[in-house]
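Here the structure is laid out as structure tokens; the discussion comes afterwards.
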Amino acid sequence: MADKAQKKELRAIKKFNAARYREYNKTMKRKKVPESKYLTRMKNPDNIIEFDDLRTYFYTNVGTVKAVDGVTFDIPKGKTIGVVGESGCGKSVTSLSVMRLLQGPQGQIAGGQIRFNQQSTGRALDLTKAGIKEMEKIRGNEISMIFQEPMTTLNPVFTIGDQLCECISLHNPEMGKKAVEERALETLKMVGIVREGILKNYPHELSGGMRQRVVIAMALSCDPQLIIADEPTTALDVTIQAQILDLLRDLKDKINASIMLITHDLGVVAEMADYVVVMYAGRIVEQGTADEIFHHPAHPYTIGLMKSRPMLNTRVDRLYSIPGNVPNPINLPEHCYFKNRCESCVEACNGKYPELVSLTKTHKVSCYLHQNKQETGGEA
Ligand SMILES: Nc1ncnc2c1ncn2[C@@H]1O[C@H](COP(=O)(O)OP(=O)(O)OP(=O)(O)O)[C@@H](O)[C@H]1O
Ligand SMILES: [Mg+2]
């Protein structure tokens with residue numbers, strides 16, 4: 001009997017997904033989309049990117065995974081935003097949504113906007129609606145991405161020169177071979193690689209730190225306005241990590257770019273970020289300036305994250321760990337997703353998911369403990 005009900009449910013999911021896939025094939029795979037469909041206006045022209053209620057879902061055979069479910073935050077020009085949260089909370093899916101590199105038709109942007117302030121044209125584009133042709137112009141040129149593991153980003157059978165030069169000439173088709181090579185060497189110099197004959201080396205001939213520098217060089221070779229770095233230092237040891245972070249910070253100022261830095265390492269965020277976004281199970285639970293998040297964390301999850309950091313001058317036998325697990329991303333509850341792990345629960349937490357309230361102009365939190373502390377305007 002239970003088996004029958006289960007089969008019926010699976011059939012219903014399949015039918016629901018088939019409709020989503022059809023819709024995707026009709027709209028998202030279009031190469032050229034009329035400008036009127038994706039041109040938009042920035043809420044604030046000083047922002048490079050504005051995420052507005054972004055929803056990215058995966059329609060799987062066992063149900064819909066709401067990987068990103070109503071995420072809203074801005075990346076101001078020239079600033080670094082740190083996105084933190086534990087594994088599976090939707091950090092990478094948020095960044096892949098910007099680049100439109102989701103695995104479709106299962107993975108789709110189901111709603112919301114990602115407004116991009118395109119400096120080269122002065123236009124604002126909604127990246128969730130732009131056609132493939134438009135996205136190809138943006139990827140690598142205006143927004144570039146640094147992935148976690150340099151060995152999987154670089155192709156092992158091509159030399160560094162082949163890969164870097166291909167990247168440069170693809171985005172600058174007017175450049176001749178010599179100019180492309182010069183640009184490649186210049187970019188490698190910018191990331192601190194001045195080794196003779198480097199262009200003829202294969203990835204396996206370089207150390208992990210050098211490989212990540214090459215990946216960063218590729219990401220920077222076309223002077224992007226926004227660099228998305230998804231765990232850029234996780235595969236590296238601590239000393240190289242520090243060097244790569246210094247490098248990113250220097251380069252950001254040199255080319256005047258913004259950085260979206262995704263990491264689960266709070267130390268990295270503290271060192272790099274101007275603003276911090278804390279995600280939990282596909283939603284933002286808290287956001288603010290780095291100072292607000294590190295010195296005045298308001299959400300019990302953020303407070304738990306801060307407590308779980310090792311601190312200098314403080315001896316503890318065991319580091320704090322937040323009890324319990326993230327809820328199943330399929331069939332998330334109606335109430336606050338953190339409720340079952342929270343040590344500060346109140347009666348209201350059994351009600352609907354808490355709204356995001358502003359504690360200051362920049363500091364927002366989604367928790368019933370703060371629902372009546374809403375700021376009533378004025379400066380932070
Ligand atoms: N191709 C996919 N199909 C189905 N679900 C997916 C797919 N890719 C990601 N997800 C789901 O989306 C959610 C968010 O994943 P995401 O990769 O963004 O996590 P993350 O925050 O980057 O985690 P980590 O710190 O481990 O990299 C997870 O629940 C994951 O299982
Ligand atoms: Mg990830």
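Calculate, in nm to one decimal, what V238 and K352 gain on full extension: separation in residues at 0.36 nm each, minus their alpha carbon distance. The partial results should precede the final answer.
Values: separation 114, 0.36 × 114 = 41.04 nm, distance 4.25 nm.
Between V238 and K352, full extension yields an extra 36.8 nm.
Can you give the convex hull volume of the alpha carbon atoms of segment 170-314 per residue, in Å³?
Values: hull volume 21.2 nm³, N = 145.
Measuring per residue, one finds 146 Å³ for the Cα hull of segment 170-314.
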Work out how much length H264 to N25 would gain on full extension: take 0.36 nm times their residue separation and subtract the Cα-Cα distance, in nm to one decimal. 82.6 nm
Find the Cα radius of gyration of segment 72-183, compare it with 2.2 N^0.38 Å by division, and give the number to two decimals. 1.23
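Around S366, under 9 Å between beta carbons, what's the net of Lys plus Arg minus Asp minus Glu among the other residues?
Values: positive: R283, K364; negative: E286, E355.
Summing Lys/Arg as +1 and Asp/Glu as -1 gives 0.
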GluC sites (Glu not before Pro) within segment 333-371: which are DSSP loop residues with at most 15 other Cβ atoms inside 10 Å? E334, E343, E355
Return the Rg/Rh value of segment 149-244, two decimal places, where both radii are evaluated on C-alpha atoms and Rh is the Kirkwood radius. 0.95
Let me check against my output: what whole-number percent is the relative contact order of the chain, with C-alpha pairs under 8 Å and at least 6 apart? 17 percent
Considering only the chain, percent of DSSP beta bridges that pair antiparallel, nearest 5: 65 percent
Dimensions in Å of segment 26-140 - Rg and Dmax from alpha carbons: 14.1, 43
Once the dipole of segment 111-222 is set up with Lys and Arg at +1 and Asp and Glu at -1 on Cβ about the Cα centre, which of T128, A184, S144 lies farthest towards its positive end? T128
Do the alpha carbons of any pairs in K29/K129; K37/K133; K31/K129; K43/K66; K26/K137; K43/K129 sit beyond 19 Å of each other, and which pairs? K43/K66; K26/K137
Cβ-derived FRET efficiency at R0 51 Å, D246 paired with E9, nearest 0.05: 0.45
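Find the all-direction average of the projected area of the Cα convex hull for the chain, expressing the result in square nanometres with one decimal place.
23.2 nm²
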What is the dipole size for the chain, taken about its Cα centre, with +1 at each Lys and Arg Cβ and -1 at each Asp and Glu Cβ, in debye to the nearest 20? 1680 debye
Just subtract the alpha-carbon distance of N256 and R309 from 0.36 nm times their residue separation and send over the number in nm, one decimal. 16.0 nm
Mind listing the Cα extents of segment 94-134 along all three principal axes, in Å, largest one first? 33, 20, 15
Taking the Cα centre as origin and putting +1 on Lys and Arg beta-carbons and -1 on Asp and Glu beta-carbons, what dipole magnitude results for segment 89-150, to the nearest 20 debye? 140 debye
Which one, M99, Y24, C89, projects farthest toward the positive side of the charge dipole computed for segment 6-103 from Cβ point charges (K/R +1, D/E -1)? Y24
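Which of the peptides 131-141, 266-276 is most tightly packed, and how do the rest follow, going by the mean number of other Cβ atoms within 10 Å of each residue?
So the order, starting with the most tightly packed, is 266-276, 131-141.
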State the volume of the convex hull built on the alpha-carbon positions of segment 24-69, expressed per residue in Å³ and rounded to an integer. 109 Å³
Expected sort for 5-13, 277-285 on mean C-beta neighbours within 10 Å, highest first, is 277-285, 5-13
Which helices, counted as full DSSP H runs in the chain, have an axial Cα extent of no less than 24 Å and a Kyte-Doolittle average of 0.0 or above? 238-255
Long-range amide H partners of I259 with built H, under 5 Å: K79, T80, I81, I227
Let me know the charge dipole size of segment 218-365 about its Cα centre in debye, to the nearest 20, where only the beta-carbon of Lys, Arg (+1) and Asp, Glu (-1) is charged. 400 debye
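Bear in mind that the values in this text are calculations on the coordinates, not laboratory data. The model shown is predicted, which means the values in this text are computed figures rather than measured ones. Here the Cβ is made from the backbone with ideal geometry for all residues, glycine too, and neighbour counts use every protein chain on show.
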